[in-house]
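Here is the structure we will look at.
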Amino acid sequence: MDWVDYLIRSVVAVVVFAAILGTCTLLVWFERRGAAWMQVRVGPNKAGPFGLLQTVADAVKLLTKEVFVPDSADPLVYRIAPLLSLLPAFLALTIVPFGPGFHIGDRYVPMQIADLNIGILWLLCMSSIAVYGYILAGWSSGSKYPLLGAVRQSAQVISYELVMSLAIIPVVIWAGTLSTSGIVEAQSRYHWYVVPLIVPAIAFFVSGIAETNRPPFDLVEAESELVAGAITEYGGVRFMMFFLAEYTNIITISAITTTLFLGGWNGPILFGTIAGWSVVPLWGLFWFLLKTGVLLFVFIWVRVSLPRLRYDQLMTFGWKIMIGVNVAVVLAVSFVIALMEQGALPMFWAPPGR
Amino acid sequence: MPIDAYYRSYLQVAAVGLLGLGLFGAMIGLAKVLQPRRLSDLKSSIYECGVEPLGDEWSQSQVRYYVFALLFVVFDVEAIFVFPWAVIMGTLSWAALVEMVIFILILAVALLYAVRKGVLRWI
């Protein structure tokens, strides 16, 4: 490990960071343009080709707005809250493996910012911390709608976080590791966990939609009830930060669902060389981006298609159905794995290489 | 994983944290340069559907949200215990599995109790 290795890893981090920001911009554009397309409207089409520069125009507009703190707000907490929701959003993405690492000469280039051995726990930690950004934003605004929105949001997000952690446990049992790269390797080629673990896969994605407060679970900013929820009193650049954090979280959920259940960068074609160079990393990146892109599309698709739930329906669904079913799945999967380890059942679906 | 590689992976996480902080500072700084400054009393009052704000700014909210936070703590602590168990579950004996089943069932009974008490009912 010398300075070249540090340089390589820094470049990976900067490239991924820039890619996240770029994807956010595209996603906001697609959310508006794609939703318009699904609802047979035109959508933004003036700024740039196909309205592609609309997001840039919006960002410029928000940057040139006046930045001020409302009279009744707690000034310090009000200023820090956007950071508390933005930073965990970026940190959660550091554990996602975008492709197989490769060698240039004798240098190793990882296609992942940090391969933490507690990868999945790190994701859960970061999504827990992200709750603080919103609840402090709502509380510090010193206004009624934000406070109500913040309380609703924290109750919703912690409820669905339980579902999320319960949905991850079967994957951890099956793969025998918490590291995200280990989980991807355990799903080599086509042994995607979505096949044996279809119920946790759906539960994870649904709770991901609830965690990011996207429709049909956007009770916290139900426009007709709570204006904009916790961020009602925010404007200009601070509002943009919450927006950026929300879209980064959408990308994170899609990328993590791909990693845990859809085989990460594994795909049917994962070989070949061009002029002596292995193109496996490119294939890996291609499959990863394809699967993540499809899930991002589903996010928008669900938003356009489904009406918003009522709050009691949301809580009943989360606590009675999702938690109940997922606890049952955890017990069932642990029995099946134990039986396979004892040899009572044939080894099935690329079980852990223990 | 050797210990220096372990710390190095967190160094990379910290690098992303610094990039995020940098972005935050850059955005705030840029906005400070670009923004107009025309403050007024009306502008810095809080939003309440366009009418004069009524009563205290920090209003009360219902206690039932708090109950969910209590229930959450129970199950989140469960997750803390289940994750380490899940990683090495395959190598453990049947006794470990049975113990975990008993542990989860006790918590499931707690949830059932809360449901029967009507905690999850909203009206």
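The values are calculated or read from the model by the stated rules, or taken from the named source; none is laboratory data. These numbers come from a predicted model, not from an experiment. With ideal geometry, Cβ positions are generated from the backbone for all residues, glycine too; neighbour counts draw on all protein chains shown. Remember, those area values only see protein heavy atoms, side chains included, never the ligands or the DNA or RNA. Shrake-Rupley method; radii C 1.70, N 1.55, O 1.52, S 1.80 Å.
Before moving on, here are some points about what is shown:
- Condition check for B:Tyr66: in a helix (DSSP H, G or I) and modelled with pLDDT of 85 or more: no
- The set of residues in region A:1-29 being within 9 Å of chain B (Cβ to nearest Cβ) and among the aliphatic types (A, V, I, L, M) consists of A:Met1, A:Val12, A:Ala13, A:Val14, A:Val16, A:Leu21.
- Residue list for region A:311-354, filter: exposed (fewer than 15 other Cβ atoms within 10 Å of the Cβ), within 30 Å of B:Val67 (Cβ to Cβ) and in contact (Cβ under 8 Å) with a residue 12 or more places away in the chain: none
- Among the residues of region B:62-73, those identified as of a type outside the set (Phe, Trp, Tyr) and open to solvent by 60 Å² or more (accessible area, probe 1.4 Å) are B:Gln62, B:Val63, B:Arg64, B:Leu70, B:Val73.
- Pick from region A:170-201, criterion part of a helix (DSSP H, G or I), at pLDDT below 90 and of a type in the set (Gly, Ala, Ser), ranking: nearest to A:Pro88 (Cα to Cα): A:Ser181
- Here B:Ser45 clears all of (1) over 16 Å from A:Gly236 (Cβ atoms); (2) at the interface with chain A (Cβ under 7 Å from one of its Cβ atoms); (3) in a helix (DSSP H, G or I) except the condition numbered (3).
- Whenever a residue of region A:51-64 is surrounded by fewer than 16 Cβ atoms within 10 Å (Cβ to Cβ), its partners that are assigned to a helix (DSSP H, G or I), lying with C-beta atoms within less than 8 angstrom and at least six residues away or across chains, give the pairs A:Val56/A:Thr25; A:Thr64/B:Ala31; A:Thr64/B:Leu34.
- Residue that is closer than 24 Å to A:Gly229 by Cβ and open to solvent by 10 Å² or more (accessible area, probe 1.4 Å), where the choices are A:Val199, A:Val131, A:Val194: A:Val131
- Selected residue (only one of A:Phe204, A:Phe217 is assigned to a loop (DSSP other than H, G, I, E, B) and not acidic (Asp, Glu)): A:Phe217
- For region A:181-191, the set of residues classified as at negative phi, surrounded by fewer than 24 Cβ atoms within 10 Å (Cβ to Cβ) and not hydrophobic (A, V, I, L, M, F, W, C) consists of A:Ser181, A:Gly182, A:Glu185, A:Ser188, A:Tyr190, A:His191, listed by residue number.
- Test set (1) within 7 Å of chain A (Cβ to nearest Cβ); (2) at pLDDT 80 or above; (3) within 30 Å of B:Ala110 (Cβ to Cβ) - B:Val73 fails condition number: (1)
- Residues in region A:154-168 that are more than 9 Å from chain B (Cβ to nearest Cβ) and open to solvent by 10 Å² or more (accessible area, probe 1.4 Å): 0 in all.
- Pick from region A:90-117, criterion among the hydrophobic types (A, V, I, L, M, F, W, C) and at the interface with another protein chain (Cβ under 9 Å from one of its Cβ atoms), ranking: farthest from A:Val171 (Cα to Cα): A:Phe90
- Checked against the criterion of being buried (at least 21 other Cβ atoms within 10 Å of the Cβ), at pLDDT below 90, in contact with a Leu (Cβ under 6 Å, 6 or more places away or on another chain) and not in a loop (DSSP other than H, G, I, E, B), region A:98-119 has at least one qualifying residue.
- Check on A:Ile20, within 25 Å of A:Ile135 (Cβ to Cβ), free of Cβ contacts under 8 Å to residues at least 60 places away in the same chain and open to solvent by 10 Å² or more (accessible area, probe 1.4 Å): no
- Just so you know, in region B:76-87 the residues that are modelled with pLDDT of 85 or more and surrounded by 14 or more Cβ atoms within 10 Å (Cβ to Cβ) include one that is farthest from the other protein chains (Cβ to nearest Cβ), and it is B:Trp85.
- Subset of region A:202-233 [of a type outside the set (S, T, N, Q), surrounded by fewer than 24 Cβ atoms within 10 Å (Cβ to Cβ) and within 12 Å of another protein chain (Cβ to nearest Cβ)]: A:Glu225, A:Leu226, A:Val227, A:Ala228
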